[in-house]
Ligand SMILES: [Zn+2]
């Protein structure tokens, strides 16, 4: 929707998250300040003023939108693969990781950025995200030079904040190219089983030196565990048929232990999935102040099990949420991950709101203006679905 340059929003409740910090462990559950009968004034895409309706006057002639519900800053999806829009409804669901991966590999490669239909779908997907209240996304991109220009350009044009994770994948020795320098970017490693371990270390070091997040799919499936810790299983079969070097030797370590041995467990790490971790391993992630991005609907789609959400929330892990790509989810609206967790674990709303905003902002090193509705913040808003609103308000 095209917004006028200056307008007001009047909402039943606003959770402005002004000066709110990321939270871990029990701090996730402290009550967030609310403004009842709140007003936000917006000018040129930024918040010009915010407060109670009795304190903030709406200038004469300004259009005023009424919101019958709770408004929070635009939410942040910490892990997706925007480029995989063409994989929607085309992968195997519910049969485990290796079956899903094989169905992804079986799809015909296509020259995506040159395909007008692909570009149209990608633009529409990104526009929908913004319309649904997503302000910022962390997206993995493969090192295709055209995609590294196309995706950030579309995101910018549609008003979606973006952190590009240029992905290291395979057993070569070169770090992937980054998007043009005007875009926020750092590196990701695909995983411990699919990527040269020395390259993962170099990529993680690069991110540390640049004070930027390093993303890694970690402990997503039991197939991953079987391949790394035991040198067997269906995932090993797939990789032996495709990219695994003949001289590859299993590390005979569980994923978390291997990541630790490689020095990847730092406060810059954004570990994605973390489904198959023991309580002791989760404590190790917390002790290293790592961020963990939960993608519960993707895990359910593929059929890899469910993360130990309660244990992750208890430790000093920075928990945030992501949808993963349309190759393993039905949509990219991260609010639906929060609803999924609410339904299954009855997590308090304020903890989920922090995961969607301040925690995610810290995990992706978002620039100022996100995850807050203070003066000067970006005017992207998310109206919470009823299940995530506090019914006492
Ligand atoms: Zn992913």
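Every number here is computed from the coordinates shown, using simple stated rules; none is lab data. All values reported here derive from a predicted model rather than from experimental measurement. Note that each Cβ is placed from the backbone with ideal geometry, even for glycine, and that neighbours are counted across all protein chains shown.
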_Residue order, fewest to most surrounding Cβ atoms within 10 angstrom, among 169, 252, 136_ = 252, 169, 136
_Computed over the chain: relative contact order in percent, which uses C-alpha pairs under 8 Å that are six or more apart_ = 24 percent
*Just need log10 I(q)/I(0) for the range 215-263 at q = 0.27, 0.31 Å⁻¹, Debye formula, equal scatterers on the alpha-carbon atoms, no solvent, rounded to two decimals.*
-1.10, -1.23
*Please report, for the Cα atoms of the range 49-183, the Rg to one decimal and the Dmax as a whole number; what are they, in angstrom?*
19.5, 63
*In a solvent-free Debye calculation with one equal scatterer on each Cα, what is log10 I(q)/I(0) for the chain at q = 0.06, 0.08, 0.13 Å⁻¹, listed in the order of the q values?*
-0.23, -0.41, -1.06
*Taking 0.36 nm per residue of separation and subtracting the Cα-Cα distance, what length does fully extending residue 88 through residue 55 add?*
7.2 nm
*asked:* In whole Å, what are the extents of the range 269-393 along the principal axes defined by its C-alpha atoms, from largest to smallest?
replied: 42, 33, 30
*Order these peptides, 272-284, 173-185, 73-85, by their mean beta-carbon neighbour count within 10 angstrom, highest first.*
73-85, 272-284, 173-185
*Across every pair of different alpha-carbon atoms, what Kirkwood hydrodynamic radius in Å does the range 89-133 reach?*
12.6 Å
*Work out how much length residue 240 to residue 7 would gain on full extension: take 0.36 nm times their residue separation and subtract the Cα-Cα distance, in nm to one decimal.*
78.0 nm
*Förster-model FRET efficiency, 22 Å R0, residue 253 and residue 279, C-beta, rounded to 0.05*: 0.75
*Taking every pair of alpha-carbon atoms in the range 17-118, what share in percent sits in each 5 Å bin, from 0 to the bin with the longest distance?*
2, 8, 12, 13, 10, 8, 9, 11, 12, 9, 4, 2, 0
